[in-house]
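Novice: Could you have a look at this structure, given as structure tokens, before my questions?
The values are calculated or read from the model by the stated rules, or taken from the named source; none is laboratory data. These numbers were taken from a predicted model, which means no experiment stands behind them. All Cβ positions, glycine included, derive from the backbone under ideal geometry; neighbour counts span all protein chains shown.
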Amino acid sequence: MSAPELVTVTVDGRAVQVPHGTGLVETGLAAGVEIPVFCYEPRLGPPVGACRMCLVEIEGMPKLQAGCTLVAQDGMVVSTAATSKKAAEGQNATLEFILVNHPLDCPVCDKGGECPLQDLTFRYGPGNTRMTFPKRTFDKPIPISPTIALDRERCILCYRCTRFSETVSGDGQLVASNRGAQSLITTFEDEPYRAPFSGNVIELCPVGALTSTQYRFEARPWEIQNVPTVCALCPVGCNISATTREGKVKRIISRNHPEVDEGWLCDKGRFAFSHLRAPDRITEPLRRVRRRGFAPVPWDEALDEAERLLREAGDHIVTALSGSETIEGAYGLARLLRGLGAHTAILPEETSDALDAYRLPLSAIRAAELVVVLGDEPVSERAPVLDLWLRAARRAGAEVVTCGPAGSTLAAPGAAAQVCLDLAAPGNELGERLRAAARAILVWSGPGGQGGAQLAALAGALGFAGREGCGAFYVPAAPNARGVAEAWSAASDDEGSTPDPIKLLVVSGDEAASNPHVRALAERAESVLAVTMFQGLAVGWADLVLPGTSYLERDGTTMNLEGRVQRLRRTVTPPAPDELAWLSQLAGRFGIELSPHPAVLFAELSPRLFGGLPFGEVGERASLRPRSAPAAEHRLEPPALRRPGDGHRLQLLRYRPLFSGAAVERVPELQFQRPAREVELSADDAERRRIGPGDEVTVRSNGTSATLRARIDRRLAPGVVRIADEHAGDLHQLVEVLKR
Amino acid sequence: MQRSLYEEIRAVAVQYPDERSAVLPALRLAQERYGWLPPAAFREVADALDVTPAYCQSVASFYDMFHLVPVGRRLVEVCTNICCGLEGAQGVLEALESELGVRVGETSDDGEFTLRAVECLGGCGSPTIVAIDNRYREGVRADDVPALVTELRGG
Amino acid sequence: MADEIVLAGAEGRDLTKLSEFRAGGGYAALAKARGLEPAAVIEELVASNLRGRGGAGFPMGRKAGFIPKPGTNPNPTYLAVNADESEPGTFKDREIMRRVPHRLIEGCLITAHAIVSRHVFIYIRGEYLEEFEILRAALDEARGAELLGGVTVVLHRGAGAYICGEETALLESLEGQRGQPRSKPPFPAVSGLYASPTLINNVETIASVPAIVERGGAWFATIGAGPASTGTRVFCLSGNVVRGGNYELPMGATIRELVYDHGGGIADGRELKAIIPGGSSFPVLTPDQIDTPLDFDSVAEAGSALGSGVVIAIDDRCCMVQLGLRVAQFYMHESCGKCTPCREGTRWMVALLDKIEDGRATHGELDLLLDVCDRILGKCLCPLGDAAAMPVASYVDSFRDEFREHVDAGSCPFGGSSSLDRLLAPVDQHSLHPTVEVPA
């Protein structure tokens, strides 16, 4: 790639060289000069020049110009408010006009202290007001959702939020209404702003018009600490800061990793933190007591009991992992259990390192020319921020082809493997284009796929190796599936055999405890030891329950779907000891030396897994390790067969919605985002059964049924219905749908 | 057989290189059916053009000719911009208020007439312009109003 | 009327009918243009120095020349016709569409040929229902007679927003959005409708094209007031005159000629007090400027602008403060709300003018009004802000004593007898009873 042409621009008398095409605001920054802005936000698309805050004087142009709408040209001479009286006057005027109707809310406004309007008024604005008329008023604040409050009086109509809703997240729910001085921001009717990315408008808003209801009146910027960490609720691993006050997490904000999340967060990662203080959080070990249920026991007794269970079970132990443990946590567990000969572990899904040969940062998706997305589960449910990258790619002109039950190219459920075979076959039109493109990306989102091995085989067949703009992503269901799997394997080189009978089942984490397969396994096991955060999960069928911690309370590392190793930091002290603390003690009782410090454990793992990367270098904005050479050639496997529908019966596609899981269930403000009791039908299937949108229907399979509301999805393939996992109960793969 | 609103909108949408352009004609078609634009209208238009109801409402609320509250069966609009204003528009407006029995900006109790003051209608050479359901009466003077109203009432 | 170009032949004949229009030579220019290279047509337009008749006055030939030649841009080119005539005082495009719709269609097709476009959009303001019907019928006739030559002509109705007359706002509205203007650059010739090269021209401008092709650009340039102001204009005369109406005259006719020779002078024996040229967006002129020729340079030298060819004659019954208020109310109502100075500034202007008219203002607030106007001027995203600030500031400047009298007297000196007294503006309806409810 050739170096961009440099141009010389003079800003307030300082000459600076920037690549041709750099925006003027960035050019100013390069020269160390501030050009103040409100509406300018490059992530939202081309600049609009609406707020008029960035007015500057350009030599040769008679009128003041909106700096944000201009790009650097060679020889441009720019004067900002610092050196141009006219520009200073213009910026002062903009602020005066904004303040004309802006309420004097600073003392009660959450934005105070981190408010661009305050800061810019201080720097460029008038010191007092000349406005003597009553300011326009609105009822305020109004909750536009349980998580976001809107204060229309404070709104300066910079349109950042509406542009986000329209363009970036594409939900189109937050809009401007009316015209001129009557303009206001609103949702449709009184419906809440219900979309997975709604919370980003809180960070985008340059004033206190859009604020977090969770954070309302909770803290002031000078009494908080922002602890840098990474969200571990999905396999993207967005970089976040946890704002803490007096030892409690008060909010989550983005820390902007330009390659991973670009400053966006999904609402789950943003608002679910209050699960830390859920009323049913387990803070002490609980032991089953016959006839009395469960009783809390002190830690010594708990560890004694754990030791007893482990000794009695010998090597007949199976470990059920969640895939949300840290790498160090999983490793610690593995060193203990595998040290005892218990090598069998189950994970929610297969993992593979095959895609390491085609590694790219998520941001590469935006730069792509052609993106092909396969798989049965929408990316927006599994890895929401990846969906934003796909949308950004479309906006940038990329062609994004989705092959799935609701895709631009329809494919039956379970057909992703077949699609891979088809694309690799010579003469396939899309396959040819993938071979020819300089920047092509493949994405597999959904079950199957062997942890990415299938996709790697396809990438290999398409000649992606050696083409640095081409890469592939496999989207797992668990946040750290691969990290956990590799940490488990690294603990020992021995193989084991699946124990029969299972004398002890170790359940690690809430996701494992909620998994019906694990539950079924627990029925067969003689005893169960569970590590969970909440009462409702394993308490009841485990024999010993040890309190678990949350990702916000752990120090350690995780590996995201890019293969990037990222650092979690403890943001608050957990109410019970960290897992590594008691694991280390427990291991000691068996003569196994296990350090309780993540740094030490990482150092043990690093030579084998991470090329010797030192723990301290994982870094605030972790880098992606370079691609590895393609391993042994992976073969494209023929697909597993799925029973097709038979005209009357339809294929049921279950999916795990984004807003599900133990943490989300315990956040009252997020309940409105939980999936409605709905079944999604194609327009054809609905019409044939005379089902209209919103009709109550019965969905039936052998022996079970569910009553749900119908939703018509015009994009869904005929013959397929979709139901969120939590509403699908025990329904089988083939179902009948009848109008009630 | 009368086409559904969905079908009518689809027929218009295909005339444009980008279907979103059909939002304005689609809203107009919906308004003709409903008499105004209730929330249901926005849902229908949104469905037909694959946009959100919020988007449709946002667009409609920008333009003066879309009514987001119920209006009378007949819309009577008087231009009160400067040219008509200089030649007696206020008198025409007040005469209409009196004859129609309705205050400006409101709808008569029988739901028959909505009376509004509007900006320049483009008939400045023959003031005052009164638009009845978007058809212009030119050169209207205050004393023309009684006869005009009689005519509107079907007399 | 003699020497008419745009409205030529319409007297006494129904040129809305294709047969009549053809009988008078209509569509001959189109046939001729189609026999010429597109570049040759543009040459004629350049030679004519036909300048935009919508208000901006940009040379049309030069604008058409900005459109990329075929093969240099992957996107199709579009022609958009601005029939959103909404500038107070302007009513010429309405008459053109009513009486000579085929001439407009012919102009569209010639221009489309010149820029090698196969897609024409006519954006007609929503209120012009009858003109829309007439145009639609004419278009059907033209289509039926196979005159379109493979060009798609879409008649797109607006829905009531003055700002959609601004070219980029028109494009936004045509794309199905709220009609808010865009920043320029990029200019429509590069990225206009659907991010494709687009030429946008006013109805009267397009309707002037057939004659230019038929008789040559050089011929057109011999008419009018010299090289900077060629051809005829359809002047819109209104206000307190005997015979308001559209008068097509060569550029350079004076205000006096228009008002007195054609318009019959001031009605009811009143005195001329003020003249608004160009439309409500432009500074006012005083009676001593009555001999100003109506061409681009002369009106500009006089301190105002030719705009859309408007002349509003105002007599001595008009209170200039009330005029300022009514004009400010218009811009407040029509402001799109995108940029801060216009959105907040027009509302502040109205509040101040209301206070002045009511006699409750101080002299300091007169200065404040001028300062607010100054703070809007040159700082907005589009010309609407200037269009509010410039005229109002000119009323204060040219009629300062009248404004001062309001302050000193503590009331309007006209005492209720002025022509604009109690005039109800649409924005007043908002406060009486909102037509769009703000959700609680």
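Novice: How do the strands (runs of 3 or more DSSP E) wholly within the range A:166-264 filter down when requiring 2 or more residues that are in contact with a helix residue (DSSP H, G or I) (Cβ under 9 Å, 6 or more places away or on another chain), modelled with pLDDT of 95 or more and within 14 Å of another protein chain (Cβ to nearest Cβ): which remain? Before the answer, list the steps.
Specialist: Details: elements: A:175-177, A:184-186, A:210-212, A:225-230, A:239-245, A:248-254.
The qualifying strands (runs of 3 or more DSSP E) are A:175-177, A:184-186.
Novice: Look through B:112, B:106 and report the one residue that is facing chain C (nearest Cβ under 7 Å) and charged (D, E, K, R).
Specialist: None of the other options fit; the residue is B:106.
Novice: Right, here's the next one. Take residue A:247 and decide whether it is among the small types (Gly, Ala, Ser) and crowded, with 18+ Cβ neighbours inside 10 Å.
Specialist: Values: among the small types (Gly, Ala, Ser): yes; crowded, with 18+ Cβ neighbours inside 10 Å: no.
Taking the combined requirement at face value, the residue does not satisfy it.
Novice: Condition test on residue A:255, is it buried (at least 20 other Cβ atoms within 10 Å of the Cβ) and either in contact with a strand residue (DSSP E or B) (Cβ under 7 Å, 6 or more places away or on another chain) or among the hydroxyl-bearing types (Ser, Thr, Tyr) (or both)?
Specialist: So residue A:255 passes the test.
Novice: A further question on this structure: Which count do you get for residues in the range C:52-107 that are more than 13 Å from chain B (Cβ to nearest Cβ), out of contact with any Lys or Arg (no Cβ under 8 Å at 6 or more places or on another chain), part of a loop (DSSP other than H, G, I, E, B) and surrounded by fewer than 22 Cβ atoms within 10 Å (Cβ to Cβ)?
Specialist: 9
Novice: Next up: Only residues that are among the basic types (Lys, Arg) and either in contact with a Pro (Cβ under 9 Å, 6 or more places away or on another chain) or free of Cβ contacts under 8 Å to residues at least 60 places away in the same chain (or both): list them for the range A:366-400, please.
Specialist: Those that are among the basic types (Lys, Arg) and either in contact with a Pro (Cβ under 9 Å, 6 or more places away or on another chain) or free of Cβ contacts under 8 Å to residues at least 60 places away in the same chain (or both): A:366, A:382, A:394.
Novice: Only one of (1) buried (at least 17 other Cβ atoms within 10 Å of the Cβ); (2) of a type in the set (A, V, I, L, M); (3) within 11 Å of another protein chain (Cβ to nearest Cβ) fails for residue A:142. Which number is that?
Specialist: Of everything listed in (1) buried (at least 17 other Cβ atoms within 10 Å of the Cβ); (2) of a type in the set (A, V, I, L, M); (3) within 11 Å of another protein chain (Cβ to nearest Cβ), residue A:142 misses just condition (1).
Novice: Just to be sure before I move on: is residue B:33 touching a Pro at 6+ places or on another chain (Cβ under 8 Å) and in contact (Cβ under 8 Å) with a residue 12 or more places away in the chain in the structure I sent?
Specialist: No: the conditions fail for residue B:33.
Novice: Output the residue which, of all residues in the range C:1-26 that are among the aliphatic types (A, V, I, L, M) and in contact with a strand residue (DSSP E or B) (Cβ under 9 Å, 6 or more places away or on another chain), is surrounded by the fewest Cβ atoms within 10 Å (Cβ to Cβ). It would help to see each step written out before you state the result.
Specialist: We begin by selecting, within the range C:1-26, every residue among the aliphatic types (A, V, I, L, M); these are C:1-2, C:5-8, C:10, C:15, C:18, C:23.
Right, trim to in contact with a strand residue (DSSP E or B) (Cβ under 9 Å, 6 or more places away or on another chain) and you get C:1, C:5-8.
Numbers: C:1: 12, C:5: 21, C:6: 30, C:7: 22, C:8: 19.
Among those that are among the aliphatic types (A, V, I, L, M) and in contact with a strand residue (DSSP E or B) (Cβ under 9 Å, 6 or more places away or on another chain), it is C:1.
Novice: Return the residue satisfying two criteria in turn: it lies in the range A:44-67 and is more than 8 Å from chain C (Cβ to nearest Cβ) and among the charged types (D, E, K, R), and of such residues it is nearest to residue A:391 (Cα to Cα).
Specialist: Within the range A:44-67, the match that is nearest to residue A:391 (Cα to Cα) is A:57.
Novice: Go through (1) touching a Ser or Thr at 6+ places or on another chain (Cβ under 8 Å); (2) of a type in the set (D, E, K, R); (3) within 29 Å of residue A:444 (Cα to Cα) one by one and return the number of the condition residue A:251 breaks.
Specialist: Residue A:251 satisfies every listed condition except (3).
Novice: Residue by residue through the range A:550-563, note down the ones that are assigned to a loop (DSSP other than H, G, I, E, B) and buried (at least 24 other Cβ atoms within 10 Å of the Cβ).
Specialist: Once the filter is applied, which keeps residues that are assigned to a loop (DSSP other than H, G, I, E, B) and buried (at least 24 other Cβ atoms within 10 Å of the Cβ), the range A:550-563 yields A:554, A:560, A:561, A:562.
Novice: Moving on to the next point. Where in the range C:288-385 are there helices (runs of 4 or more DSSP H), lying fully within it, with 1 or more residues that are more than 30 Å from residue C:416 (Cβ to Cβ)?
Specialist: Once the helices (runs of 4 or more DSSP H) in the range C:288-385 are filtered for at least 1 residues that are more than 30 Å from residue C:416 (Cβ to Cβ), what remains is C:296-301, C:340-357, C:363-376.
Novice: Oh, and also: For residues that are outside any helix (DSSP H, G or I) and of a type in the set (A, V, I, L, M, F, W, C), scanning just the range A:318-338, find the one that is farthest from residue A:496 (Cα to Cα).
Specialist: The residue in question is A:321.
Novice: Considering each of A:121, A:137, A:129 in turn, give the residue that is away from chain B (no Cβ under 14 Å), in a helix (DSSP H, G or I), of a type in the set (Val, Ile, Thr) and more than 30 Å from residue B:20 (Cα to Cα).
Specialist: That would be A:121, the only listed residue that is away from chain B (no Cβ under 14 Å), in a helix (DSSP H, G or I), of a type in the set (Val, Ile, Thr) and more than 30 Å from residue B:20 (Cα to Cα).
Novice: Now a separate question. With the checklist (1) modelled with pLDDT of 90 or more; (2) under 29 Å from the mean Cα position of the chain (by Cα); (3) within 30 Å of residue A:274 (Cβ to Cβ); (4) buried (at least 18 other Cβ atoms within 10 Å of the Cβ) in hand, flag the one item residue A:581 doesn't pass.
Specialist: (4)
Novice: Same structure, new question: Here's a check for you: in the range A:653-676, which residue that is of a type in the set (Lys, Arg) and modelled with pLDDT of 95 or more is nearest to residue A:407 (Cα to Cα)?
Specialist: That would be A:674.
Novice: Additional query: In the range A:210-229, is there at least one residue being in contact with a Ser or Thr (Cβ under 7 Å, 6 or more places away or on another chain), touching a residue at least 60 places away in the same chain (Cβ under 8 Å) and charged (D, E, K, R)?
Specialist: no
Novice: While we're here: With the checklist (1) at pLDDT 95 or above; (2) assigned to a loop (DSSP other than H, G, I, E, B) in hand, flag the one item residue A:95 doesn't pass.
Specialist: Condition (2) is where residue A:95 drops out.
Novice: Among the residues of the range A:601-617, is any within 22 Å of residue A:562 (Cα to Cα), at pLDDT below 85 and within 28 Å of the chain's Cα centre (by Cα)? Full working, then the answer.
Specialist: Initially, the range A:601-617 is screened for residues within 22 Å of residue A:562 (Cα to Cα), giving A:602-603, A:605-617.
Those left that are additionally at pLDDT below 85: none.
Scanning the range A:601-617, I find no residue that is within 22 Å of residue A:562 (Cα to Cα), at pLDDT below 85 and within 28 Å of the chain's Cα centre (by Cα), so the answer is no.
Novice: Six or more apart or on different chains, Cβ atoms under 7 Å: show the pairs whose first residue is in the range A:147-162 and over 22 Å from residue A:669 (Cα atoms) and in contact (Cβ under 8 Å) with a residue 12 or more places away in the chain and whose second is of a type in the set (Asp, Glu) and not in a helix (DSSP H, G or I).
Specialist: A:154/A:105; A:160/A:41
Novice: Take the range B:67-91 and flag every residue that is within 11 Å of chain C (Cβ to nearest Cβ), among the hydrophobic types (A, V, I, L, M, F, W, C) and crowded, with 20+ Cβ neighbours inside 10 Å.
Specialist: Scanning the range B:67-91 gives B:68, B:78, B:79, B:82, B:83, B:84, B:86, B:89.
Novice: Taking residue A:112 and the conditions (1) crowded, with 20+ Cβ neighbours inside 10 Å; (2) of a type outside the set (Lys, Arg); (3) assigned to a loop (DSSP other than H, G, I, E, B), which numbered condition does it fall short on, given that it satisfies the others?
Specialist: (1)
Novice: Among the helices (runs of 4 or more DSSP H) lying completely within the range B:44-147, list those that include at least 2 residues that are under 30 Å from residue B:20 (Cβ atoms) and either in contact (Cβ under 8 Å) with a residue 24 or more places away in the chain or not aliphatic (A, V, I, L, M) (or both).
Specialist: B:53-60
Novice: Taking the stated definitions as given, is residue A:390 of a type in the set (A, V, I, L, M, F, W, C), modelled with pLDDT of 95 or more and under 28 Å from residue A:599 (Cβ atoms)?
Specialist: The answer is no for residue A:390.
This table checks each residue for (1) touching a helix residue (DSSP H, G or I) at 6+ places or on another chain (Cβ under 8 Å); (2) among the basic types (Lys, Arg); (3) under 15 Å from residue B:90 (Cβ atoms).
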position: B:113; (1), (2), (3): yes, no, no
position: B:128; (1), (2), (3): yes, no, yes
position: B:138; (1), (2), (3): no, no, no
position: B:151; (1), (2), (3): no, no, no
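Novice: Going by what's in this entry, would residue B:64 be described as facing another protein chain (nearest Cβ under 7 Å) and among the acidic types (Asp, Glu)? Working first, answer last.
Specialist: On the way: facing another protein chain (nearest Cβ under 7 Å): yes; among the acidic types (Asp, Glu): yes.
The answer is yes for residue B:64.
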